[in-house]
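Taking it in order: structure first as structure tokens, then the write-up.
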Amino acid sequence: LSDRLTSTFKNLRTKGRLSEADIDATVREIRRALLDADVAVPVVRSFTGAVRERALSAEVSQALNPAQQVVKIVNDELVAILGGQNRPLAMAKRPPTVILLAGLQGAGKTTLAGKLALHLKNQGHTPLLVAADLQRPNAVTQLQVVGERAGVPVYAPHPGNQGADDYLPAGADPVAVARQGLETARTRQHDVLIVDTAGRLGVDAELMQQASDIRDAVEPDEVLFVIDAMIGQDAVATAQAFADGVGFTGVVLSKLDGDARGGAALSVASVTGRPILFASTGEKLTDFEVFHPDRMASRILDMGDVLTLIEQAEKAFDAEQAEKMAGKLVSGEDFTLEDFLVQMQQLRKMGPLKNMFGMLPGMGQMREALDNFDEREVDRIEAIIRSMTPAERQNPKIINGSRRARIARGSGTTPTDINQLVERFDGAQKVMRQMAKGGGMSGMPGMGN
Ligand code: GDP
Ligand code: MG
């Protein structure tokens, strides 16, 4: 998916203005890419529709070039479908918080139970795992092994290896096991109960009934539907079946460490409207992440920091200022101390400078020039420049000893500070002149082109 989108965006990036035909071509590529990634067809349709509509509407922020605008729209729409922001687990007002895991066999429920237990334990909770999967002979043992690794006790219908012999056998009824697990959590003051359930290879009525019965027995605060991210087009049907048959409050994507590029994430989130809370990313207990819609969107787009950069640039840049500046640079007019100040202030708004320049390709010169830039100094630079006369601002070379002393007094700094600023400005001016010659600023978001 991402390779394809990346090349689509590369084509866009080289263009200045976008025609409707450009947008349609782009939307077609996005549609194809999403279908390749096994995003469900209706989801692809509504997604591309929304992107096209927004791309055609005149919400083009002047700080961005049109190609970046389309990237941003695609990203925004992806984030929106994926739930906007991460939703944390709903914790019960009166513990224990009960979390029920549901999903097909092999989806990764038991593995997730251990990961989630460890995650919660690390946050200071005292979880108890319940083995309510009595379908497969080794399912209980598997949960016990996972529990032991996580250092979290397991309530099971067979005497466990937890050394807690009051965790009594409860027979072979998973509903009874779940209920007794809940009682055990109450009496032993576990504040979270995680109930692992059985799955089948496919959706069937008996499976749904059992999961519903367990749900009714323990009245969970969260029912988490665990789904294998590699499941492909089946994601929608499976998610819909669990939504109808058991109902769930949130989704966990498992096996996101493989080649899965998030097609399932998009489908499930879009079709069920339920948020994705966590991602499982490997077989180890620590291969577990809180799910962030924005990061998933980036993963789907595979554009990483570039998207962050666009966001930051959009927030920070006063488009008009930037255009004026770019015009000045391109025309080769002299870059003045006042321009220097404006640039410093704008760049400061963009966040830590080093990170910014680190994200931009081909910004080596600029990075070098500003590598030692201390953001807190912008205020001081401003004070110094404000204390200069217009003639001094225009031509810092006229600043002699007495002028330097006056500026230092006026700005509450020292003559050395004035010297340093003038030197630094000199360096920046050289860079700016070079860039003006090479037109280098046009590659920078917000600097016009
Ligand atoms: P359950 O039937 O839903 O309980 O699924 P399991 O937890 O038993 O997992 C089924 C298989 O998938 C096991 O071999 C797990 O080790 C593996 N598995 C589970 N989660 C992940 C994951 O996030 N990444 C990878 N690579 N394997 C996983
Ligand atoms: Mg299992």
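Annotations for the structure displayed:
- Residue in region 178-199 that is nearest to ligand 1 (Cβ to nearest atom), counting only those that are more than 19 Å from Gln105 (Cα to Cα) and among the aliphatic types (A, V, I, L, M): Leu193
- Leu224 being crowded, with 18+ Cβ neighbours inside 10 Å and modelled with pLDDT under 90: no
- Count - residues of region 103-134 that are under 17 Å from Ser212 (Cβ atoms) and assigned to a helix (DSSP H, G or I): 1
- Subset of region 232-278 (residues that are of a type in the set (A, V, I, L, M) and either in contact (Cβ under 8 Å) with a residue 40 or more places away in the chain or within 16 Å of ligand 2 (Cβ to nearest atom) (or both)): Ala235, Val236, Val246, Val252, Ala264, Ala265, Leu266, Val268, Ala269, Val271, Ile276, Leu277
- Helices (runs of 4 or more DSSP H) within region 339-449 that include 2 or more residues modelled with pLDDT under 50, within 31 Å of the chain's Cα centre (by Cα) and outside the structural domain of Gln69 (by TED's automatic domain parsing): 353-359, 364-370
- Only a single criterion out of (1) modelled with pLDDT of 90 or more; (2) more than 16 Å from ligand 2 (Cβ to nearest atom) is not satisfied by Glu314, namely (1).
- Qualifying residue in region 15-29 (condition: at pLDDT 80 or above and under 20 Å from Ala265 (Cβ atoms)): no
- Looking across region 108-150, the residues that are of a type outside the set (S, T, N, Q), within 10 Å of ligand 1 (Cβ to nearest atom) and at pLDDT below 95 come down to Asp133, Arg136, Ala139.
- Among the residues making up region 127-149, those that are surrounded by fewer than 23 Cβ atoms within 10 Å (Cβ to Cβ) and touching a Pro at 6+ places or on another chain (Cβ under 9 Å) are Leu134, Gln135, Val140.
- Any hit, region 34-53, residues being modelled with pLDDT of 80 or more, out of contact with any strand residue (DSSP E or B) (no Cβ under 7 Å at 6 or more places or on another chain), surrounded by fewer than 20 Cβ atoms within 10 Å (Cβ to Cβ) and over 30 Å from Met230 (Cβ atoms): yes
- Any hit, region 136-151, residues being of a type in the set (A, V, I, L, M), away from ligand 2 (no atom under 11 Å from the Cβ), within 29 Å of Ala269 (Cα to Cα) and out of contact with any Gly (no Cβ under 6 Å at 6 or more places or on another chain): no
- Inspection of region 77-96 finds no residue satisfying the criterion of being within 18 Å of Asp287 (Cβ to Cβ) and either surrounded by 24 or more Cβ atoms within 10 Å (Cβ to Cβ) or within 16 Å of ligand 2 (Cβ to nearest atom) (or both).
- Ile214 in a helix (DSSP H, G or I), at pLDDT 90 or above and among the aliphatic types (A, V, I, L, M): yes
The values are calculated or read from the model by the stated rules, or taken from the named source; none is laboratory data. Just so we're clear, the structure is a prediction, and the values are computed from it rather than from any experiment. Counting neighbours? That spans all protein chains shown, and the Cβs are built from the backbone with ideal geometry, glycine included.
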